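Data block below; observations after.
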Amino acid sequence: MRPEPGGCCCRRTVRANGCVANGEVRNGYVRSSAAAAAAAAAGQIHHVTQNGGLYKRPFNEAFEETPMLVAVLTYVGYGVLTLFGYLRDFLRYWRIEKCHHATEREEQKDFVSLYQDFENFYTRNLYMRIRDNWNRPICSVPGARVDIMERQSHDYNWSFKYTGNIIKGVINMGSYNYLGFARNTGSCQEAAAKVLEEYGAGVCSTRQEIGNLDKHEELEELVARFLGVEAAMAYGMGFATNSMNIPALVGKGCLILSDELNHASLVLGARLSGATIRIFKHNSSGVHVQVCYIDMQSLEKLLKDAIVYGQPRTRRPWKKILILVEGIYSMEGSIVRLPEVIALKKKYKAYLYLDEAHSIGALGPTGRGVVEYFGLDPEDVDVMMGTFTKSFGASGGYIGGKKELIDYLRTHSHSAVYATSLSPPVVEQIITSMKCIMGQDGTSLGKECVQQLAENTRYFRRRLKEMGFIIYGNEDSPVVPLMLYMPAKIGAFGREMLKRNIGVVVVGFPATPIIESRARFCLSAAHTKEILDTALKEIDEVGDLLQLKYSRHRLVPLLDRPFDETTYEETED
Amino acid sequence: MATATEQWVLVEMVQALYEAPAYHLILEGILILWIIRLLFSKTYKLQERSDLTVKEKEELIEEWQPEPLVPPVPKDHPALNYNIVSGPPSHKTVVNGKECINFASFNFLGLLDNPRVKAAALASLKKYGVGTCGPRGFYGTFDVHLDLEDRLAKFMKTEEAIIYSYGFATIASAIPAYSKRGDIVFVDRAACFAIQKGLQASRSDIKLFKHNDMADLERLLKEQEIEDQKNPRKARVTRRFIVVEGLYMNTGTICPLPELVKLKYKYKARIFLEESLSFGVLGEHGRGVTEHYGINIDDIDLISANMENALASIGGFCCGRSFVIDHQRLSGQGYCFSASLPPLLAAAAIEALNIMEENPVLKEKCGQIHKALQGISGLKVVGESLSPAFHLQLEESTGSREQDVRLLQEIVDQCMNRSIALTQARYLEKEEKCLPPPSIRVVVTVEQTEEELERAASTIKEVAQAVLL
């Protein structure tokens, strides 16, 4: 997918490579020598955090550095593509090559062009070549397996024709169905169906006017209990929950500190608020980063400077400081270093806005998200935000927190005043699935799902690492990015996997830094071991075919295989 | 001549130097050194370096007290305690435990509890479940979405349509997909909040014209034309847009589209039309303002509407020519980054469209209640007689908005007690660009019988008299 509009550069600047001399570690983490020795022994590059007891569990997160040769070849690849792009644009200009894209109306040819031709260079010449890997239409539940509608293109992806065939039973590694609640049978569906028959699909009014149903109140009470906060409020769209509520919380004279990899909705919300925005390096909160130069730009440095120097120009102190972070970062598979962020926010009296879009339900022993994962107190997070789209198999978003916060949002949230409230059957789906996770339905199904997901995650990640792929992120994150690097491999990987009946998500620039194109697997509790093994076998095969096993620190399989140098040599060839 | 004199002076000087006594030279030497010293020495003490010590910084940090995350909300805030609707918010609805006839929901065509719509949604629920678990790009595109887009495009007679999963996000994402920093947007002062947010996100230059005042718009366009002539190079890359609503949510008035189209071609500005209120209501088939005025839909660059009013589902759509609409598939933030619309809601919208195509009638009723509500002492009707949603405002403000709101709320409450569900139009008072005066918004639907309309009108009349006099 090529989802990022041009303005995203502030969000994804290319990161400086790691601070450690050997360049193994990317984001400001220092291994203690003991940990380093242990890691080296295991042929692994992660850092076991040893941070004065802030962490109650090992925090293993790795971002292996891009091999030099691969980086160079990737740039060459983009160079070739760009050259050909110019050549083809030239041919199109002189009508030697047929133009497929839609054109302006004759009557409006003399208007200022609606979008710059240059803007679309990337779309036209790079994205279009591999467009078939995105927007694949499905025609079944987005569960562990999906049915995909077969489509063909006779004009190099400029348009698609549906053949009418359906590719059945494709293993779904793309949907955010973490807990497997995307189902068309079972208690959730039945409950939703009942509510649908009673209430209808829509609401036709806003919360503040006459669209506040008893179901909404029931949902909000349940969400508050689930999160362990005083109160909560639910909204009709996850994206809008961020973009329409951040402006209610901060405004002019306030400072927003935002992780560089935050989702577009957080970025938009921050911009709409009118507050000053400063970006800190991804996940570098800087409490214990002493050796690195990165800490100069870390969250702590920003906080300190903000308070000491106040607002630029007017020199007034900031009214308040809001830190925006996500629980799991959906492109990196990393987990926020929440214990440090909370320590910092307490020390500097800032407020914390935590977006748990991907982590709610997917992390923590009982699925309560990243706060539970670290064994922290939800009280310490001022604004708990999340979505119902992913783990709950529904749609919409929520904000939880203190009663005062929710009261304020009820009166001042843009969503509550101007946007239609959540659809009742969707509300019912959330209520039923949430009760299931909480064990209130009288079964242990929910708990088993959470455990299954955690197991699947560990297993899948470990096996991929054993195969020698470069896998980003935290070992407990169900979002698993597998590095592809080269632009041609984006298309090749997506197509080869679909050929083998596996649906994966591939992403490239501008959703990732230019050379860090990747494939992304989203694990689900609905994946059985058999499904995972099939997927792994095919990934292994495609990995060999496309020479994707770049890792120089291949994880030794548990069967005591000696460290394998061949992968290293292969990539160098 | 000049050089000769100069040379002579120089020679004379050198001579004078030879002839001068030693003490003189020494004195002058000392003087020169003195001057040099004066030039290079600092005559004043530099202020002490302003760097703060670590301790001072710590003190500052200790000292800083942020404002609370949110200010406390007064317990009697008019918007704090919501009405609770038990059961479906359809024609007859239970508000705060009392059964009322609904004159507040935008359920214009009564499709909310239509059995066919429900059946279609149910069938979809049984096939696809509820959520889509992904954005459109990543396995979140369902065949139902494609069908709905197709159906909408066909219905509106445009080349392409694109659906969003949230009505508010539709126009708010569509505007910044095209209009960027430096572009100019001419927008009606009465434009709804979603448009305002879209404009803010676009960071374009915004020019407000008086509500429905084409002369004022033309004045602004002319001003811009003159500006453009001064700087033709910039003008060549500055896009111009006119953003208007079909029926205005905030005023219930209709936009003068024929004049707007004339202005569009005269000044080469593109028109974006928001039709959330007029879609499904205006025009013979419910295609909105374009059909109402008989204007070729291709003359409007982009039409957006939500599916949350007439269609009684959730979400919104934009339609127009492929050249325009397709751009949003990569640039519409609310499209790319959000999970797609739950298939059951898309299926409901498709069925609602089918029903809408079969029997569209609403207009007479709007006119009827409009007439019936005229002449209430103390209240005036604001809005077109063909608009299904219009406003009742106080004829004379009490002078304070708070007091006005309280009076109107009293009317709403008393009507509610007499089984007529009404609501005030809610606004975020500090956020609105041009805050409309407080009002009660009355919504007419096809389900209300003549008798009910009459009853509502007489109830409002009686209550208003009791409250206002």
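No lab work stands behind these numbers, since they all come straight from the coordinates. Just so it is clear, the structure is predicted and the values come from calculations on it, not from any experiment. Virtual Cβ from ideal backbone geometry, glycine too; neighbours counted across all protein chains shown.
Give me the tail of P(r) for the protein assembly as shown as a percent: Cα-Cα pairs with distance above 46 Å. That tail contains 34 percent of the Cα-Cα pairs. Between helix B:54-63 and chain B there is an angle of about 30 degrees, using the helix long axis and the longest principal axis of the Cα atoms.
Computed from backbone phi, the HN-Hα couplings of the stretch B:85-95 come to 9, 9, x, x, x, 9, 3, 9, 9, 9, 10 Hz, rounded to whole numbers (Karplus: 6.51 cos²θ - 1.76 cosθ + 1.60, θ = phi - 60°; Gly and Pro given as x). If I take all pairs of Cα atoms in the stretch B:404-457, what percentage of them are more than 17 Å from each other? The answer is 45 percent, as a whole percent. Between the residues A:Gly386, A:Ser413, A:Ile342, the greatest Cα displacement towards the positive end of the dipole of the stretch A:339-416, with unit charges on the Cβ of Lys, Arg, Asp and Glu, is found for A:Ser413. The angle between the Cα long axis of helix B:22-40 and the longest principal axis of the Cα atoms of chain B comes to about 10 degrees, rounded to the nearest 10. Report, to the nearest 10°, how far helix B:167-178 tilts away from the longest principal axis of the Cα atoms in chain B, using its own Cα long axis and a range of 0 to 90°. So the inclination is approximately 40 degrees. Under a straight-distance cross-link criterion of Cα-Cα below 17 Å, which lysines are reachable from B:Lys262, leaving out those fewer than 8 residues away in the same chain? Within the straight-line cut-off, B:Lys262 pairs with A:Lys109, B:Lys222.
Along the stretch A:147-162 the Karplus relation, 6.51 cos²θ - 1.76 cosθ + 1.60 evaluated at θ = phi - 60°, assigns HN-Hα couplings of 9, 10, 7, 6, 9, 10, 10, 9, 10, 6, 6, 6, 9, 10, 10, 8 Hz to successive residues, with x for each Gly and Pro. Beta bridges per DSSP, both residues in chain B: antiparallel share near 60 percent. Where Rh is the Kirkwood radius over the Cα pairs of the stretch B:229-319, the temperature 10 °C and the viscosity 1.306 mPa s, what D in µm²/s does Stokes-Einstein return? The estimated diffusion coefficient comes to 114 µm²/s. Taking amide H as placed 1.01 Å from N in the peptide plane, B:Asp301 has its amide H under 5 Å from the amide H of B:Ile271, each at least 5 places away in sequence or on another chain. Stretched out straight at 0.36 nm per residue, the stretch from A:Glu530 to A:Trp158 would grow longer than its current Cα-Cα span by 130.2 nm. For B:Val281, which sequence-distant residues (separation of 5 or more, or a different chain) have an amide H within less than 5 Å of its own amide H, given hydrogens modelled in the peptide plane? HN-HN under 5 Å from B:Val281: B:Gly288. Considering only trypsin sites (Lys or Arg not before Pro) in DSSP loops that have at most 13 other Cβ atoms within 10 Å, the longest stretch of chain B without any of them is B:237-429. Rounded to the nearest 5, what is the percent of antiparallel bridges among the DSSP beta bridges in the protein assembly as shown? For the protein assembly as shown, the DSSP antiparallel bridge percentage is about 60.
Shape class for the stretch A:162-290, computed from the alpha carbon gyration tensor (a ≥ b ≥ c): oblate, with a/c not under 1.5 and a/b at or below b/c. Between the stretch B:130-158 and the stretch A:484-547, how far is it from one alpha carbon centroid to the other, in angstrom? So the separation of the two Cα centres works out to 25 Å.
Using only alpha-carbon positions in chain B, the gyration tensor eigenvalues give semi-axes of 65, 30, 26 Å once each is multiplied by 5 and square-rooted (largest first). Students often get this wrong: which residues of the stretch B:318-343 have the backbone nitrogen under 14 Å from the point 7 angstrom along Cα-to-C-beta of A:Glu104? Only B:323-324 fall inside the zone, counting backbone N under 14 Å.
Spacing of the modelled spin labels on A:Glu190 and B:Glu58, each 7 Å from Cα toward Cβ, amounts to 6.3 nm. Between the DSSP loop rule and a limit of at most 10 other Cβ atoms within 10 Å, which GluC sites (Glu not before Pro) in the stretch B:283-362 are left? Passing both the DSSP loop test and the Cβ count: B:Glu284.
For the stretch A:314-348, the set of trypsin sites (Lys or Arg not before Pro) satisfying both a DSSP loop assignment and a count of at most 10 other C-beta atoms within 10 Å is given as A:Arg315. The H on the amide N of A:Asn283, modeled in the peptide plane, is under 5 Å from the matching H of A:Glu260, each at least 5 residues off or on a different chain. Entry note, chain B: the mean residue ellipticity at 222 nm calculated from DSSP H runs of n ≥ 4, each adding -39500 (n - 2.57), is -13500 deg cm²/dmol after division by the residues and rounding to the nearest 500. Across peptide B:325-338, the mean count of Cβ atoms from other chains lying within 10 Å of each residue's own Cβ comes to 6. Determine, for the stretch A:329-477, the count of lysine pairs separated by eight or more sequence positions (or lying on different chains) whose alpha-carbon distance falls under 21 Å. Total qualifying Lys-Lys pairs in the stretch A:329-477 comes to 10.
With coordinates expressed along the principal axes, the C-alpha atoms belonging to the stretch A:341-454 extend over 41, 36, 20 Å, beginning with the largest. Converting phi to 3J(HN,Hα) with the Karplus coefficients 6.51, -1.76 and 1.60 and the offset θ = phi - 60°, the stretch B:102-117 yields 7, 10, 10, 7, 7, 8, 3, 9, x, 8, 4, 10, 6, x, 5, 5 Hz in sequence order, with x at every glycine or proline. State the antiparallel share, in %, of DSSP beta bridges confined to the stretch B:240-364, rounding to the nearest 5. Bridges in the stretch B:240-364 are about 45 percent antiparallel.
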